[in-house]
Amino acid sequence: MSKKLKVGIIGAGAIVESSHIPVLKVLPNISIEWVYDRDANRSDLISKMFQVPVWKGGNILDAIDNIDICLITIPYGARREYIEHCAIKKKALYVEKPFAVS
């Protein structure tokens, strides 16, 4: 079996709950390393629902160092810092929403 790819999820909204995590959980070569949402209660709920860890280690940018793929599910205007950090760290990036507002 090939190496498991480590995924971190930034954002814990309805699409993460209904689509992203259920799909990722059944893929044999994927390990969800953490989920993070600025609403800690939402992160905790997703963690309990799907038995995935919540990032509580301080700066979320530090968490990106230990994953292979970053799934960003937050609104357009809030993701620049994460995208830039992923680029610097040479991490694969999957962005749920469009890259432009028009």
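The values are calculated or read from the model by the stated rules, or taken from the named source; none is laboratory data. Keep in mind that this is a model prediction, so the values were computed, not measured. For neighbour counting, all protein chains shown are included, and Cβ atoms are generated from backbone atoms with ideal geometry for every residue, glycine included. Side chains included, ligands, DNA and RNA excluded: accessible areas come from the protein's heavy atoms. Shrake-Rupley method; radii C 1.70, N 1.55, O 1.52, S 1.80 Å.
Over region 1-54, Cα pairs under 8 Å with separation of 6+ residues give a relative contact order of 39 percent.
What is the percent carbon and sulfur in the accessible area of the chain, measuring with a 1.4 Å probe over the protein chains and ignoring ligands?
Values: 3460 of 6130 Å².
Percent of accessible area from carbon and sulfur atoms in the chain: 56.
Restricting to Cα pairs below 8 Å that are 6+ residues apart, what does the relative contact order work out to for the chain? Please round to a whole percent. After rounding, I find 29 percent.
Per residue Cα convex hull volume for the chain, in cubic angstrom? The partial results should precede the final answer.
Numbers: hull volume 10.7 nm³, N = 102.
Per-residue hull volume (Cα only) is 105 Å³.
Remark on Val35: its backbone amide H falls under 5 Å from those of Ile9, Val54, Trp55, a criterion applied only to residues 5 or more positions apart or on other chains, H modelled at 1.01 Å from N. In the context of the full set of protein chains, the chain has a per residue accessible area of 60 Å² (1.4 Å probe).
Can you give the FRET efficiency to the nearest 0.05 for Lys48 and Glu84, using r as the Cβ-Cβ distance and R₀ = 41 Å?
Numbers: r = 32 Å, r/R0 = 0.77.
Using R0 = 41 Å, I get an efficiency of 0.85.
Annotation for region 32-102: trypsin sites (Lys or Arg not before Pro) lying in DSSP loop with at most 16 further Cβ atoms inside 10 Å of their Cβ are Arg38, Lys56, Lys89, Lys90. Pairs of Lys residues in the chain are counted when their Cα atoms are under 19 angstrom apart and they lie 8 or more places apart or on different chains; the count is 14.
May I ask for the net charge around Lys4, where only other residues with Cβ less than 11 Å from the Cβ of Lys4 are counted and Lys, Arg are +1 while Asp, Glu are -1? Overall, the nearby charge balance is 0.
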